[in-house]
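Everything on this sheet refers to the single structure shown next.
The values are calculated or read from the model by the stated rules, or taken from the named source; none is laboratory data. Model, not experiment: these values are computed from the prediction. Every residue, glycine as well, gets a Cβ built from its backbone with ideal geometry; the counts of neighbours run over all protein chains shown.
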Amino acid sequence: MEIKHEKIKTNLQKILPAKASGDKWDLHLYIAGQNPKAVTAFNNLKLICEEHLKGKYHIEVIDLLKNPQIAHDDHILAVPTLVRKLPLPERNIIGDLSNKERVLAGLGLVDHSELKLV
Amino acid sequence: MKKKERPSHRNILPKSPTSIQGLDEITGGGLPKGRPTLICGGAGCGKTLFAMEFLVRGATLYNEPGVFISFEETEKELTANVASLGFDLDNLVEHKKIWLEHIHVERGEIEQSGEYDLEGLFIRIHLAIESVGAKRVVLDTIESLFAVLPNQLILRTELRRLFQWLKRKGVTTIVTAERGEGAFTRQGLEEYVSDCVILLDHRVNDQSSIRRLRIVKYRGSTHGTNEYPFLIDEDGFSVLPVTSLGLNYSSSHERISTGIPRLDTMLSGKGYFRSSTMLVSGTAGTGKTSIASQFAEAACKRGERVLFFTFEESPSQLMRNMLSIGIDLQPWVKKGLLQFHATRPTLYGLENHLTTSIKLINKFEPNIVIVDTINGFMVGENQTEVKTMLLRLVDFLKMKQLTAFFTSLTSETENLSIPDVDISSLIDTWLLVRDLEIGGERNRGLYVLKSRGMAHSNQIREFRLTNHGIELLDVYVGSEGVLTGSARLSQETKDDAEQLLRQQEIGTKQFGLERKRDAMEAQIVVLRSEFQAEEAEALKVITIEKARNERFTQDKIKMGKSRRGDVSIKTTGTKKKKYI
């Protein structure tokens with residue numbers, strides 16, 4: 001499966017104007033080429049967002065191979081890296097996002113304490 | 001295929017020169033080119049500096065741009081830190097000779113979910129390398145990643161991949177790592193970086209810190225295996241190999257005066273060899289510094305440059321003292337031909353002493369280096385260290401073709417102190433100044449213990465400090481033994497009186513002989529005249545006898561004729577027969 005950059009953008013255009021900034025989830029997914037790990041990560045993220053943040057999220061997929069400078073600018077080491085740009089503060093999650101609970105915790109959708117109970 | 005591969009084994013491993021003083025000598029040319037090298041050591045032992053110097057030297061001297069990936073310090077911090085060592089990183093960065101990349105890692109803020117890789121890091125390193133066309137890369141300290149990134153298994157796999165990737169790129173890489181307990185690095189990086197491992201150490205001994213470097217491993221190359229002391233100062237890193245130079249220095253035939261005419265005479269009339277090493281040893285107050293000063297003055301008069309290390313007196317005190325024996329060094333200092341360097345022996349560690357000395361020598365470029373006294377180096381108890389250090393200094397001076405003059409303080413009880421004996425093999429000309437105690441007096445005696453490559457006097461000379469410099473006098477050697485000072489003087493007067501007496505005796509004898517000769521000659525005259533008289537008498541008799549004989553013969557003939565004999569008388573010979 002291929003990730004369509006444009007698809008996400010259109011998605012974003014649909015959601016953005018409707019939501020207030022406080023309620024906006026701005027997520028960046030850094031990948032290095034469209035390898036299986038990147039695809040898995042995107043799919044996992046998409047599923048989680050659809051489930052928990054439906055209608056108020058925006059995912060930007062950034063391919064570092066296409067734009068290497070961003071790795072430097074945004075301090076990216078590991079890929080895939082998911083960065084929660086908004087709401088602040090920034091949060092980083094690395095990996096292919098296959099552990100859903102961890103992603104939820106990382107994004108702050110679930111408390112760490114809650115996570116442990118689960 | 002096999003045939004093709006074989007010659008490559010014989011090829012020397014290509015190396016990337018570090019230009020770090022001394023390191024290239026012990027590694028046989030530098031770090032392995034195109035391979036990663038691990039630099040490990042404890043906190044504050046100079047890993048970052050080592051790596052930075054490698055990059056800066058590469059960029060400035062070998063036109064090999066470099067990338068510095070810092071996991072700990074920001075670009076600004078790095079630039080400021082190494083500026084104190086004279087590295088202008090801003091300038092190098094501006095001219096695209098060096099690329100600084102700070103990889104910011106925040107601790108405890110990263111959540112992991114599922115598998116990841118370090119492709120982001122790869123991309124950044126790649127970008128940095130491409131930006132400047134780097135041939136050298138530094139990763140300082142990549143171990144920080146372990147503290148930040150979860151899942152060590154993935155991290156290790158990724159690091160292994162990173163080093164292989166760098167190797168494929170053909171960049172010479174330095175990886176720094178903290179020294180771990182019982183292992184070279186905390187995270188066992190030596191497992192991945194196995195081409196060359198250099199260990200830096202920083203320890204404190206006798207309250208002075210000593211930095212040491214050791215090459216633990218250098219695959220495919222021979223290397224020095226010792227621990228080498230190294231220093232970090234305003235000129236960067238310098239490693240001090242014990243004898244990196246070997247004994248291949250050329251030697252000069254030129255001779256230079258000692259400044260003391262009679263000492264020159266003792267050294268086959270010409271003085272020391274240029275670029276040889278002299279040692280004057282003696283007990284306290286025997287005039288070692290004076291000999292050194294006289295030598296310094298003589299050199300300055302020839303227009304040579306002299307660097308004078310004094311570990312015992314301040315320059316002004318030394319000059320004042322020398323003035324009392326008529327050696328004025330002040331003008332030479334003003335002219336810039338003579339430079340003093342005075343430090344307290346205890347101020348620095350041995351290595352520091354040595355490197356400071358070497359630096360000053362390089363800076364001042366003297367012809368002659370004087371060290372007064374080498375005991376100044378004996379800070380610690382460790383004799384071997386002192387010896388190797390002196391060995392290094394002498395080697396360095398030899399290599400530089402400099403004339404070295406050391407003084408050494410020996411204890412009163414022994415003739416030669418231990419350090420003297422230890423370094424004697426390094427010394428070309430060794431003078432010994434000794435106290436000679438005779439007749440309630442203390443005098444100085446000087447002799448040449450050894451002097452390589454020249455005929456030298458075996459005599460002990462009395463050594464005197466006068467108000468016009470050093471004088472050497474013959475000691476009195478006679479039936480009374482070796483005498484100096486007033487004992488020598490009194491003995492000499494005694495000798496003079498004895499000699500006068502003998503001379504008078506000889507005069508009398510000669511006079512008597514003359515008279516005898518005269519008498520003899522008079523007698524000869526008398527004898528001769530007597531003989532002459534006798535001779536005249538004898539001659540007269542002979543003449544008469546001859547005449548008589550003649551007459552007799554004639555008478556016989558006449559008689560024969562008158563008797564008319566028929567037998568004629570032919571000769572006197574037959575006539576005689578006939579009669580018989």
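Taken over segment B:83-121, the criterion of being more than 14 Å from chain A (Cβ to nearest Cβ) and crowded, with 21+ Cβ neighbours inside 10 Å is satisfied by B:F87, B:L89, B:L92, B:K97, B:I98. Taking the criterion of being under 29 Å from B:V386 (Cα atoms) and without any contact (Cβ under 8 Å) to a residue 40 or more places away in the chain, the residues of segment B:162-217 that qualify are B:R203, B:V204, B:Q207, B:R212, B:R214, B:V216, B:K217.
For B:G182, the conditions (1) at positive phi; (2) over 47 Å from the mean Cα position of the chain (by Cα); (3) more than 11 Å from chain A (Cβ to nearest Cβ) all hold with the exception of (2). The set of residues in segment B:27-48 being crowded, with 22+ Cβ neighbours inside 10 Å and of a type in the set (A, V, I, L, M) consists of B:L31, B:L38, B:I39.
Which ones in segment B:73-82 are more than 14 Å from chain A (Cβ to nearest Cβ) and either in contact (Cβ under 8 Å) with a residue 12 or more places away in the chain or closer than 21 Å to B:A177 by Cα (or both)? Lay out the reasoning, then the answer.
Pass one, segment B:73-82, residues more than 14 Å from chain A (Cβ to nearest Cβ): B:73, B:76-82.
Once the filter is applied, which keeps residues that are more than 14 Å from chain A (Cβ to nearest Cβ) and either in contact (Cβ under 8 Å) with a residue 12 or more places away in the chain or closer than 21 Å to B:A177 by Cα (or both), segment B:73-82 yields B:E73, B:E77, B:L78, B:T79, B:N81, B:V82.
Comparison of B:R57, B:R35 shows that the only residue that is closer than 22 Å to B:W99 by Cβ and in contact with a helix residue (DSSP H, G or I) (Cβ under 7 Å, 6 or more places away or on another chain) is B:R35.
Give the residue that is nearest to the other protein chains (Cβ to nearest Cβ), with candidates limited to residues of segment A:75-90 that are in a strand (DSSP E or B) and under 27 Å from B:A128 (Cβ atoms). Break it down stepwise before answering.
Taking segment A:75-90 and keeping what is in a strand (DSSP E or B), we get A:79, A:81-86.
Adding the requirement that they be under 27 Å from B:A128 (Cβ atoms) leaves A:79, A:81-83, A:85.
Details: A:V79: 4, A:T81: 7, A:L82: 8, A:V83: 10, A:K85: 14 Å.
Once the filter is applied, the top-ranked residue is A:V79.
In the set B:T222, B:T172, B:T141, only one residue is under 21 Å from B:T27 (Cα atoms) and buried (at least 20 other Cβ atoms within 10 Å of the Cβ); that residue is B:T172.
Just to be sure I understand, how many residues within segment B:110-139 are more than 23 Å from A:D96 (Cβ to Cβ) and touching a residue at least 12 places away in the same chain (Cβ under 8 Å)?
Pass one, segment B:110-139, residues more than 23 Å from A:D96 (Cβ to Cβ): B:127-139.
Filter once more, keeping what is touching a residue at least 12 places away in the same chain (Cβ under 8 Å): B:128-129, B:131-139.
Residues that pass the stated criteria total 11.
Restricted to segment B:134-150, and to residues there that are more than 18 Å from B:V193 (Cα to Cα) and outside any loop (DSSP other than H, G, I, E, B), the residue that is farthest from the other protein chains (Cβ to nearest Cβ) is B:A147. From A:I70, A:I93, grab the single residue that is in a strand (DSSP E or B), modelled with pLDDT of 85 or more and within 10 Å of chain B (Cβ to nearest Cβ). Going through A:I70, A:I93 in turn, just one is in a strand (DSSP E or B), modelled with pLDDT of 85 or more and within 10 Å of chain B (Cβ to nearest Cβ): A:I93.
When A:I59, A:I15 are checked against the criterion of being buried (at least 16 other Cβ atoms within 10 Å of the Cβ), at pLDDT below 80 and away from chain B (no Cβ under 14 Å), A:I15 stands alone in meeting it. Looking at B:T222, is it away from chain A (no Cβ under 14 Å), assigned to a loop (DSSP other than H, G, I, E, B) and out of contact with any strand residue (DSSP E or B) (no Cβ under 7 Å at 6 or more places or on another chain)? Yes: the conditions hold for B:T222.
The conditions of being modelled with pLDDT of 80 or more, surrounded by 20 or more Cβ atoms within 10 Å (Cβ to Cβ) and not basic (K, R) are not met by B:L360.
In segment B:151-170, of all residues being farther than 24 Å from A:N67 by Cβ and within 11 Å of another protein chain (Cβ to nearest Cβ), the one that is modelled with the lowest pLDDT corresponds to B:N151.
Here is a check on your reading of the model: is B:G41 within 45 Å of the chain's Cα centre (by Cα), within 15 Å of B:G236 (Cβ to Cβ) and either touching a residue at least 24 places away in the same chain (Cβ under 8 Å) or within 14 Å of another protein chain (Cβ to nearest Cβ) (or both)? Judged against the criteria, B:G41 is not a match.
Pairs meeting the criteria (first residue in segment B:257-276 and assigned by TED's automatic domain parsing to the domain that holds B:I368 and surrounded by fewer than 22 Cβ atoms within 10 Å (Cβ to Cβ), second residue basic (K, R) and assigned to a loop (DSSP other than H, G, I, E, B), beta carbons under 7 Å, at least 6 apart or on different chains) are B:D264/B:K270. Remark: pairs (first residue in segment A:99-116, at the interface with chain B (Cβ under 10 Å from one of its Cβ atoms); second residue part of a loop (DSSP other than H, G, I, E, B) and at pLDDT 80 or above; Cβ separation under 7 Å; 6+ apart in sequence or on different chains) = A:N99/B:S113; A:N99/B:G114; A:R102/B:S113; A:V103/A:L97; A:V103/B:S113; A:G106/B:S113.
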